[in-house]
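Have a look at the structure below, then the notes.
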Amino acid sequence: MELTGAEILTESLKREGVDLVFGYPGGVVIPLYDVLQRTPEIRHVLVRHEQGATHMADGYARATGKPGVVIASSGPGATNTVTGIATAYMDSIPMVVFTGQVPVHLIGNDAFQESDTVGITRPITKHNFLIKETEDVAQVIAEAFFIATTGRPGPVLIDLPKDVQVGTAKFEYPERPQIRGYKPNYDGHPGQIKKAAEMITAAKKPVLYVGGGAIISGAAEEIQQLAVKAAAPVTTTLMGLGAFPESHELSMKMLGMHGTWFANTAVMECDLLVNIGARFDDRVTGNLDEFSQNSKKIHIDIDPSSMNKNVIVDLPIVGDVKHVLKQLIPLVERADTEDWLKRINNWKQEHPLTYDSTDSVHEEGLNGRDDQPVETPKKLPLRAQYVLEKVGEATKGEAYVVTDVGQHQMWAAQWYGFNRPRTMITSGGLGTMGFGLPAGIGVQMAYPDADVVVITGDGSIQMNIQEMATAMACKLPLKIILLNNGFLGMVRQWQDLFYAKRYSAVDLKETNPDFVKLAEAFGAVGIRVFRDEDVEDALSEAMAINDRPVLMDFVIAEEDNVYPMIPAGAASHEMIEE
Amino acid sequence: MRRHTISLLVENRFGVLARIAGLFSGRGFNIDSISVGEGAEPGTSRITILTQGDEMIVEQIIKQLNRVIDVLRVVDLTDHSFINRELALIKVNANQANRQEIVQISEIFRAKIVDISPKTLTIEATGNEDKIDAIMGMLRPFGLREVARTGRVALARDFKSKDAPSPEAPESVWEKERKEITADLA
Ligand SMILES: Cc1ncc(C[n+]2csc(CCOP(=O)(O)OP(=O)(O)O)c2C)c(N)n1
């Protein structure tokens, strides 16, 4: 019996184990939606903007490791997915995006709602396809899932003309597709691994520098084994947060532009830097000439093109982090790092992550708002760091933390305390404002009973606020922590520090909506918090709500900066502490 | 900065050339020449790219090319022994008075006259770029009307005799020919 292209698509999704898709309909995908409404095995979440769908699929994928699936229409529907696809691409997130396309014979005619979707998305996908024959649908979908989820994962897009959805063909789902030009390699070279083990055993001042690749490959356990066996301290990138417990005594927390003083200093002083699934990003290395000059460097990464891209390493090992570590750990012996660990512990005492609650950030009233109780004008406004510590306590450090982009993201990275992989969900590579809320929805859809906390800013939340309606429709008990400083804070911080406080286009407070009323307008719960002493109560009130989103508007210090900070392109000894 | 000859075997699928070209342009790498044609196996294409950059850039280019799903094989021929050729069609102004001279020049370069009109001659020349540049240099004074060059095509040499100069500098092919031509002329 022959099936239509649309039926082949849904059958193929079932074979891939997909039971949830995020999408938005339009003219050329009506045939597909017609099949979806009679396919109860696949739940379709109707979003409010296609960008939202891509971030939801992305959040779902980051939290579960399974590919997220998106459906969008042609033309504007497809172009709206671009930011979300690019976000996933930069962070190597598996995702399969189906876009509708005008019928094959109209392609290239500037037909209504036509766009060259494969052309537009070529540089931001791992691979993409335009299907021209219904008989190719199953094969292409199988290849797309295979490519998206293997090797270094990434988004794959399939452009599906309307007539291909309507046409019919025999359905046969290929087993594991064979693609001649694509053979990801998982195992590291044994000779290289042996050398790595010798280098680690011989090091006096090693540092393990762990990135998102460790999380993607599911290597948290192996990282811990290696760290303990080699007695080597560990720092993670933003993307690597959770790959090693920050509560562990060998943890130096995050490194990089807003990393801890001790992590950055240790990287500067170490004699062996073991890069595990990270990519020597410029937010980590700063000035390349001065980056970790005296160390030998080992780099473990599944993608050969990551090797020697920014930093020349002494020993590259191409392979999947988990596979390589499994081969490596038995060969490593405990290194003599006692003095090194002592030094690092001293640094931790001398230069802890801190915020000074007596530091006068802003003294005239509370953010200049006159609708607020200003009993003690000198009283300090709420600090984001404090709120985040309290969020950590209220969720016992076990929540999925989904962030937007800006100061609040960095504070979340610094202050929440990440102990489990896949619990820090953040747009690292592209740095996409507007990611938080929809990605949070994707995570909560994957884990309905988990605590999912969205940490956002007053700028970022407005970039995809429409997805509140999606969260309501799905009755998701998301906890949205809005750290409201009335500014595009991170940009303001740069203008403050590097442009002599010439604030330009960063002030939102006069025109921000009333976020509590906004939440209520969606049918969600809104809570506003001004003072330290109200934070805990407000959080426990919010945690008790389980049938709808809660937006907590924390009115925080306006002009607080994220410290420590290594200015862009500077070296770690140029770090600014508070 | 060194010139590199990169030879690719790719799936002959639509969009593959755009993918490869986009990979260069998206990273700010320049392509000096690119040529594409069917490969030995049906369904495959051979692409030869001439590019330049420092070693780190070229290493990056090659790795990025390897990442493209439709790319089956990538070889940087530069440090291997390889044969390279280019074909050029050169339409040059000609008249009664100088036609003979132009024909002579083409003969020296082992080039062929492939079209003739009262006011032009079209010459087909093959060789490496230096040779093509040389014949174009000789013909320029007559007035070049139109020129079409294929860009470099190249394949690795398989037979490597013990005393073959390896890796062979690409120039030496033309050097050898030039010697022959000079000998001929003498
Ligand atoms: C889509 C997008 N546009 C612009 C930027 C540049 N940008 C980075 S952080 C930032 C400000 C973020 O403001 P907000 O969300 O209020 O967070 P805050 O820094 O105040 O915590 C901007 C504009 C970006 N990252 N993403």
In the stretch A:358-555, carbon and sulfur make up what percent of the accessible area (probe 1.4 Å)?
51
State to the nearest 20 debye the size of the charge dipole of the stretch A:190-350 about its Cα centre, where the only charges are +1 on K and R beta carbons and -1 on D and E beta carbons.
180
Leaving out ligands and nucleic acids, and using a 1.4 Å probe, what accessible area per residue does the stretch B:83-153 come to in Å²?
53
Counting DSSP beta bridges in the protein assembly as shown, what percent are antiparallel, to the nearest 5?
45
Hey, if you put +1 on the Cβ of every Lys and Arg and -1 on every Asp and Glu Cβ in the stretch A:358-555, which of A:Thr456, A:Leu430, A:Val555 ends up farthest toward the positive end of that dipole?
A:Leu430
Using a probe of 1.4 angstrom, how much of the accessible area of the stretch B:2-80 is carbon and sulfur, in percent?
51
Based on the Cβ-Cβ distance from B:Thr78 to B:Ser117, what FRET efficiency comes out when R0 is 51 Å, to the nearest 0.05?
0.80
Ordering of A:35-43, A:110-118, A:261-269, A:457-465 by burial proxy (mean other Cβ atoms within 10 Å per residue, highest first)
A:457-465, A:261-269, A:110-118, A:35-43
Non-local amide H neighbours of A:Lys205 (under 5 Å, H modeled in plane, Pro and chain starts lacking H): which ones?
A:Asp271, A:Leu272
Between the modelled labels at A:Glu41 and A:Ala568 (7 Å from Cα along Cα→Cβ) the distance in nm is 4.9
Do you know the relative contact order of chain A, to the nearest whole percent, from alpha carbon pairs under 8 angstrom that are 6+ apart?
14
Taking amide H atoms as placed 1.01 Å from N in the peptide plane, list the residues 5 or more away in sequence, or in a different chain, whose amide H sits under 5 Å from that of A:Phe129.
A:Leu157, A:Ile158, A:Asp159
Would you work out which of A:Leu157, B:Phe82, A:Gly191 lies farthest towards the positive end of the dipole of the protein assembly as shown? Charges go on Cβ: Lys and Arg +1, Asp and Glu -1.
B:Phe82
Set A:Lys195/B:Lys63; A:Lys183/A:Lys296; A:Lys194/A:Lys309; A:Lys126/A:Lys229; A:Lys297/A:Lys396, cut-off 32 Å on Cα-Cα distance; pairs above it are A:Lys126/A:Lys229; A:Lys297/A:Lys396
Computed over the Cα atoms of the protein assembly as shown, what is the convex hull's projected area averaged over all directions, in nm²?
40.7
What's the FRET efficiency of A:Tyr499 with A:Glu577 using the Cβ-Cβ distance as r and R₀ = 35 Å, to the nearest 0.05?
0.95
Probe 1.4 Å, all protein chains in place: accessible area of A:Tyr447 in Å², nearest 10?
80
Whole-Hz couplings from phi, Karplus 6.51/-1.76/1.60, listed for the stretch B:97-103; x for Gly and Pro
6, 10, 4, 4, 4, 5, 4
Between A:Asp282 and A:Glu133, what is the spin-label point distance in nm, taking each point 7 Å from the Cα along the Cα→C-beta axis?
4.6
Note down the magnitude of the dipole of the stretch A:105-202 about its Cα centre, charges +1 on Lys and Arg C-beta and -1 on Asp and Glu C-beta and zero elsewhere, to the nearest 20 debye.
600
In short, the stretch B:59-86 residues buried by 50 Å² or more of accessible area relative to the isolated chain (1.4 Å probe) are B:Gln60, B:Lys63, B:Arg67, B:Ile69
What's the average, rounded to a whole number, of partner chain beta-carbon atoms within 10 Å of each residue's beta-carbon in A:122-130?
3
In whole angstrom, the spacing between the Cα centers of the stretch A:262-286 and the stretch A:23-56 equals 43
How many Å² of accessible surface get buried when A and B come together, counting both sides, probe radius 1.4 Å, rounded to the nearest 100?
1700
Starting from the amide H of A:Gly240, placed 1.01 Å from N in the peptide plane, find each other amide H under 5 Å away whose residue is 5 or more places distant or on another chain.
A:Gly212
Just tell me which lysines come within less than 28 Å, Cα to Cα, of B:Lys131; anything on the same chain fewer than 8 places away is out.
B:Lys91, B:Lys112, B:Lys119, B:Lys160, B:Lys162, B:Lys176, B:Lys179
Give me the dipole magnitude in Debye, nearest 20, for chain A about the Cα centre, with unit charges on the beta carbon: positive for Lys and Arg, negative for Asp and Glu.
1380
With θ set to phi - 60° and the Karplus curve 6.51 cos²θ - 1.76 cosθ + 1.60, what are the ³J(HN,Hα) couplings of the stretch A:278-283 in order, to the nearest whole Hz, using x for Gly and Pro?
10, 9, 6, 5, 5, 6
Any chance you could check the Cα centroid distance between the stretch B:37-96 and the stretch A:504-528 for me, in angstrom?
57
So which residues of the stretch A:175-205 lose at least 40 Å² of accessible area, probe 1.4 Å, when you go from the chain by itself to every protein chain present?
A:Arg180, A:Gly181
Sorted peptide list for A:479-487, A:516-524, criterion being average Cβ within 10 angstrom, highest first
A:479-487, A:516-524
How many angstrom lie between the Cα centre of the stretch A:208-242 and the Cα centre of the stretch A:95-158?
35
Efficiency of FRET from Cβ geometry, B:Arg27 and A:Lys475, R₀ 56 Å, rounded to 0.05:
0.75
Helix-only CD estimate at 222 nm, as mean residue ellipticity for chain A, using -39500 (n - 2.57) per DSSP H run (n ≥ 4):
-9500 deg cm²/dmol
I'd like to check one number: the per residue accessible area of chain A, probe 1.4 Å, reported in Å² as a whole number.
38
Tally up the carbon and sulfur contribution to the accessible surface of the stretch B:83-153 as a whole percent, 1.4 Å probe, everything protein left in place.
53
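The values are calculated or read from the model by the stated rules, or taken from the named source; none is laboratory data. The structure displayed is predicted, hence computed values, not measured ones. Quick reminder, even Gly has a Cβ in these numbers, built from the backbone with ideal geometry, and neighbours come from all protein chains shown. What goes into the accessible areas is simple: the full protein's heavy atoms, side chains included, and nothing from ligands, DNA or RNA. Shrake-Rupley method; radii C 1.70, N 1.55, O 1.52, S 1.80 Å.
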